[in-house]
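These notes are about the structure you will find just below.
We did not get these values from a lab; they are worked out from the coordinates using the rules stated. The model shown is predicted, which means the values in this text are computed figures rather than measured ones. Reconstructed Cβ throughout: ideal geometry from the backbone, glycine too, with neighbour counts over all protein chains shown.
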Amino acid sequence: MVSQLDEAMLSHMRYLALTEGRSFSYLDFQSFEFNGKTYGMTHGTYRNKIWKFKKAGIVETEYNSGAAFHTIKN
């Protein structure tokens with residue numbers, strides 16, 4: 001089951017990776033908008049969600065320079 005936050009995150013990740021052409025980190029998800037609603041999350045929630053997306057094969061780590069940066073897989 002996909003939550004509203006998961007759907008919002010996936011949409012924002014696609015926007016950052018495919019439209020802006022860059023990787024994303026926790027800072028991109030502290031406060032963001034999806035369908036007119038503002039979302040935000042703690043660092044722990046971001047880590048748990050990214051782990052879930054990595055396990056599902058949706059996201060991969062691009063590099064880690066103290067802060068981990070991720071991108072959409074493929």
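Could you compute the FRET efficiency for residue 63 and residue 18, with r as their C-beta to C-beta distance and R0 at 25 Å, rounded to 0.05? Efficiency at R0 = 25 Å is approximately 0.85. Helix content alone sets the calculated 222 nm mean residue ellipticity of the chain: runs of n ≥ 4 DSSP H residues at -39500 (n - 2.57) each, divided across all residues, give -10000 deg cm²/dmol. Springs between Cα atoms under 10 Å define the GNM used for the chain, and in it the highest mean-square fluctuation of 20, 62, 33 occurs at 20.
For the chain, the relative contact order is 28 percent, taking Cα pairs closer than 8 Å that sit 6 or more residues apart in sequence and dividing their mean separation by the residue count.
The residues packed around residue 43, meaning those with a beta-carbon under 13 Å from its beta-carbon, carry a net charge of +1 if Lys and Arg are +1 and Asp and Glu are -1. Give the angle, between 0 and 90 degrees and rounded to the nearest 10, that separates the Cα long axis of helix 43-55 from the longest principal axis of the Cα atoms of the chain. Rounded to the nearest ten degrees, it is 70. Can you list which of the trypsin sites (Lys or Arg not before Pro) found in segment 7-74 are DSSP loop residues with at most 16 other C-beta atoms within 10 Å? Qualifying residues, ordered by number: 22, 73.
Relative to the longest principal axis of the chain, what angle (0 to 90°, nearest 10) does the C-alpha long axis of helix 4-14 take? The two axes meet at around 50 degrees.
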